[in-house]
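J.: Take this structure, written in structure tokens, and hold onto it; I'll ask about it next.
Derivation of every value follows stated rules applied to the coordinates shown; laboratory data play no part. This one's a predicted model, so the numbers in the text were calculated from it and none came from an experiment. Every residue, glycine as well, gets a Cβ built from its backbone with ideal geometry; the counts of neighbours run over all protein chains shown.
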Amino acid sequence: MPELPEVETVRRTLNELVAGKTIVRVTVSLPRIIRRPAEPEQFAAALAGHTITSVERRGKFLRLVLDGLVLVSHLRMEGRYGVYRQDELVETHTHVIFHFTDGTELRYKDVRQFGTMDLFAPEEDLLLPPLNKLGMEPLDDDFTEKALRERLSSRTTKIKPLLLDQAYVVGLGNIYVDEALFQAGIHPERTADTLKRAEWTRLYEAIRDTLGRAVAAGGSSIKSYVNGQGEMGMFQHALLAYGRGGEPCTSCGTVIEKFVVGGRGTHVCPRCQPRPSGASAKPAARQKRPEGVSPKIHS
């Protein structure tokens, strides 16, 4: 599933490609993608004639802001957007097409069909599901070490599943939690209430640094992620923990271990991230390290 850096990269790309474009009509070929309003015909009719003013992000959700409406889109596992000329062949698994007055189209393709779209009045989207219970934005100015520590330090939950919980910090998924915990030298099975002040500082700095570098690199193309122009991210080449099970740690040479924490495959250097006493690792299923998918770049 795309995490914050990937969704932010899509946001930036789409903002360049579609802001200012006016929708003439919308084609919906898979009705269950549309959750609000209930009928896809209402969704299409409501959007006709509206202009996209900007593309924004809240956590892992895209917010397409129009003149009088907000479209909230969740890519889920493999959803992707692309801008095409109207005479270009429509690819298989393209489920929603926004036709613009200038002859171009914004197409939503989703092989797994898990993505969702919800249409709201302005600002209403921030008060209702799915956005109303989301936590702190880790790249915003009000996300500070103090805010992170005060929000999480009393919790007796293991730190990795806590960071994955979008009600506390948004946008973090398996890749970047593994990377941030490795950089901070914190074992994912440590409970939040056991972290010392210096560890909270390191964790905060690691989250900001990891996400910042990932956004600058265009995200990580681990499976099928590409941005709105069909281009892969490059941060997968800079990963130090995630996907490196069985390989030597870049810091100390100890073999990176892979096991399960909170139902998620987890990558740890047992020397740089000491295991808390009493914790026992559940081995993860052996699998090949995933490779990026070569993209098709659309003009």
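J.: Suppose every K and R has +1 on its Cβ and every D and E has -1 on its Cβ; what is the size of the dipole of the chain about the Cα centre, in Debye to the nearest 20?
T.: 1240 debye
J.: For region 18-29, in order, what is each residue's ³J(HN,Hα) by Karplus, 6.51 cos²θ - 1.76 cosθ + 1.60 with θ = phi - 60°, in whole Hz (x at glycine and Pro)?
T.: Each residue's phi maps through the Karplus curve to give 10, 4, x, 7, 9, 7, 8, 6, 10, 10, 10, 9 Hz.
J.: Suppose only helical runs count, i.e. DSSP H with n ≥ 4. What mean residue ellipticity at 222 nm does that imply for the chain under -39500 (n - 2.57) per run, divided by all residues and rounded to the nearest 500 deg cm²/dmol?
T.: Helix contribution divided over all residues of the chain: -7000 deg cm²/dmol.
J.: Quick one: which residues, 5 or more positions from Ile256 or on another chain, have an amide H under 5 Å from its amide H? H modelled 1.01 Å from N in the peptide plane, none for Pro or chain starts.
T.: The list, which skips near neighbours in sequence, is Gly246, Glu247, Cys249.
J.: What order do you get for Arg149, Arg213 when you list them from fewest to most C-beta neighbours inside 10 Å?
T.: In increasing order of surrounding Cβ atoms, one gets Arg213, Arg149.
J.: Quickly work out the Ala48-to-Lys146 label distance, labels modelled 7 Å from Cα along the C-beta direction, and quote it in nm with one decimal.
T.: So the two model labels end up 5.4 nm from each other.
J.: Springs between alpha-carbon pairs under 10 angstrom, Gaussian network model over the chain: which of Ser54, Ser153, Ser277 fluctuates most?
T.: Ranking Ser54, Ser153, Ser277 by mean-square fluctuation puts Ser277 first.
J.: What is the gain in length, in nm to one decimal, between Thr191 and Ser277 on full extension, counting 0.36 nm per residue of separation less the C-alpha to C-alpha distance?
T.: Net length gain for the segment: 29.8 nm.
J.: While we're looking at this one, here's another question. Can you give the net charge of the other residues whose Cβ lies under 14 Å from the Cβ of Val65, counting K and R as +1 and D and E as -1?
T.: Value of the local net charge: -1.
J.: Can you compute the charge dipole magnitude of region 4-126 about its Cα centre, using +1 on each Lys and Arg Cβ and -1 on each Asp and Glu Cβ, nothing else charged? Give it in debye, rounded to the nearest 20.
T.: 320 debye
J.: Next question. Let me know the Rg and Dmax you get for region 4-126 when you use only its Cα atoms, in Å.
T.: Taking only Cα atoms of region 4-126, I get Rg and Dmax of 13.0, 37 Å.
J.: If R₀ is 22 angstrom, what is the calculated FRET efficiency for the pair Glu41 and Val90, using the beta carbon separation as r and rounding to 0.05?
T.: Result of the calculation: an efficiency of 0.65.
J.: For region 105-153, run through the chymotrypsin sites (Phe, Trp or Tyr not before Pro) and keep only the ones in DSSP coil with at most 16 other Cβ atoms within 10 Å of their Cβ.
T.: Phe114
J.: So how much slack lies between Val255 and Leu127, counting 0.36 nm per residue of separation and subtracting their Cα-Cα distance, in nm?
T.: 41.5 nm
J.: Taking the Cβ of each residue in Asp125, Asp178, Asp140, Asp87 as the centre, tally the other Cβ atoms inside 10 Å and list the residues starting with the fewest.
T.: Asp87, Asp140, Asp125, Asp178
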